[in-house]
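**Student:** Got a structure for you, questions after.
The values are calculated or read from the model by the stated rules, or taken from the named source; none is laboratory data. Just so we're clear, the structure is a prediction, and the values are computed from it rather than from any experiment. Cβ placement follows ideal geometry from the backbone for every residue including glycine, while neighbour counts extend to all protein chains displayed.
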Amino acid sequence: MGGRAWLIGLGVYCLVGCIDFAYRWNVDVRAADQTIKYDEIPVAYSAALFWPVDVVAIALLKTL
């Protein structure tokens, strides 16, 4: 049972990361120039990789 829970958790983490990557890439495309620059790809990737940190940071910022 423990292995299955880890696998489900990893799957959810990866799914949300992919959604976050697509969202950030879409926001960059809808920016002023309507193109994706090379330097925006690592930013979108790192944001998708560390999305739990972003969620915690937003929650902490709301308490200030």
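**Student:** Which condition number does F21 fail, the rest of (1) among the aromatic types (F, W, Y); (2) more than 16 Å from the chain's Cα centre (by Cα); (3) modelled with pLDDT of 85 or more being met?
**Tutor:** (2)
**Student:** Moving on. How many residues are β-branched (V, I, T) and in contact with a Phe, Trp or Tyr (Cβ under 7 Å, 6 or more places away or on another chain) when one looks only at the stretch 22-51?
**Tutor:** Number satisfying all stated conditions: 1.
**Student:** Does V16 meet the test of being among the hydrophobic types (A, V, I, L, M, F, W, C), under 8 Å from the mean Cα position of the chain (by Cα) and in a helix (DSSP H, G or I)?
**Tutor:** yes
**Student:** Just the residues that are assigned to a loop (DSSP other than H, G, I, E, B), surrounded by 13 or more Cβ atoms within 10 Å (Cβ to Cβ) and among the acidic types (D, E), please, taken from the stretch 20-64.
**Tutor:** The answer is none; no residue qualifies.
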